[in-house]
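Worksheet: one structure, shown below.
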Amino acid sequence: MATDGWRQTGGRAAARVAELSKPFQLDLASLSALVFDVDGTLYRQEPLRNAMLRRLLRYHAFRPAAGLAAVKIIAAYRRAQEELRNAAETVDDLAAAQIGFASERAGVKREAVEICVSQWMEREPLRIINRYKEEGLTELLNECRRRGVKLGSFSDYPAMDKLAALGVLDYFDVTMCAQDPGVGAFKPDPKGIRRVIEHLGLSPRQILYVGDRPDVDGAAAEAAGVPCAIITRRHRNNGRSDTKFVRFESYNELR
């Protein structure tokens, strides 16, 4: 996919990233696709969660007990994800298993968990998620499209509605999640990333996986044999390489 223009205008940047990412021996000339995590990677997850908590409490202002119950259910649902993330085996229906875990932990019926999760973790965030889209993301996707680089996503949760709400769904050739049939495991299990690679018809070394959590995204990419870039503001060491990933503070720098 390399062109003369790419060699001239991007040569120094390519050399810099290749040097920084020696643990992966990343060859940008053979890079044919970027595969993204979604939550916390394409948008700023913590500010969105805080905004949703405020909306939830305002919604239940005259029913505080119901509001607190919803907060408890959401917390149990997130804990259930981490328990399943550390499970030794995959499950046939990951979404149902997480609902069941959360139901037990919160001490409420499954139906209550399903209703709460559907409203407050799936539908309502779509109304405001675009406010928290990562700066430089659209420019990076446009650059990938211009250069003929394929794009995919693999997330722990269904992502198509989120990608649509962020205004970027049409960029992606493949969109998959941990709850899809044939996956059944949260990262750092590499099965989902491997499935995306298969759908893209590429080899692992032609892929760069982009995430935000070294312990999850970096570990999953490493297990799948895929180089990884971590987008994070937590450590101000732009482009610093690691045994599992290369760290960047923004999509502008990655681009």
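The values are calculated or read from the model by the stated rules, or taken from the named source; none is laboratory data. Keep in mind the model is a prediction, meaning the values are calculated, not measured. Neighbour counts are summed over all protein chains in view; Cβ atoms, including those assigned to glycine, are modelled from backbone coordinates with ideal geometry. Keep in mind that these areas ignore ligands, DNA and RNA; they rest on the heavy atoms of the full protein, side chains included. Shrake-Rupley method; radii C 1.70, N 1.55, O 1.52, S 1.80 Å.
Overview of results
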read-out: Sole exception among (1) modelled with pLDDT of 95 or more; (2) open to solvent by 10 Å² or more (accessible area, probe 1.4 Å); (3) part of a helix (DSSP H, G or I); (4) under 22 Å from residue 188 (Cα atoms) for residue 39, by number; value: (3)
read-out: Selection from the stretch 197-216 of residues that are crowded, with 19+ Cβ neighbours inside 10 Å, under 12 Å from residue 153 (Cα atoms) and in contact with an Asp or Glu (Cβ under 8 Å, 6 or more places away or on another chain); value: 209, 210, 211
read-out: Residue count for the stretch 231-241, restricted to those that are modelled with pLDDT under 90 and buried (at least 17 other Cβ atoms within 10 Å of the Cβ); value: 3
read-out: Those helices (runs of 4 or more DSSP H) lying entirely in the stretch 103-172 with at least 2 residues more than 19 Å from residue 80 (Cβ to Cβ) and open to solvent by less than 50 Å² (accessible area, probe 1.4 Å); value: 137-147, 160-165
read-out: Subset of the stretch 173-186 that is of a type outside the set (A, V, I, L, M, F, W, C) and modelled with pLDDT of 95 or more - its residue that is surrounded by the most Cβ atoms within 10 Å (Cβ to Cβ); value: 175
read-out: From the options 183, 196, residue that is assigned to a loop (DSSP other than H, G, I, E, B), under 29 Å from residue 80 (Cβ atoms), touching a Gly at 6+ places or on another chain (Cβ under 7 Å) and of a type outside the set (Asp, Glu); value: 183
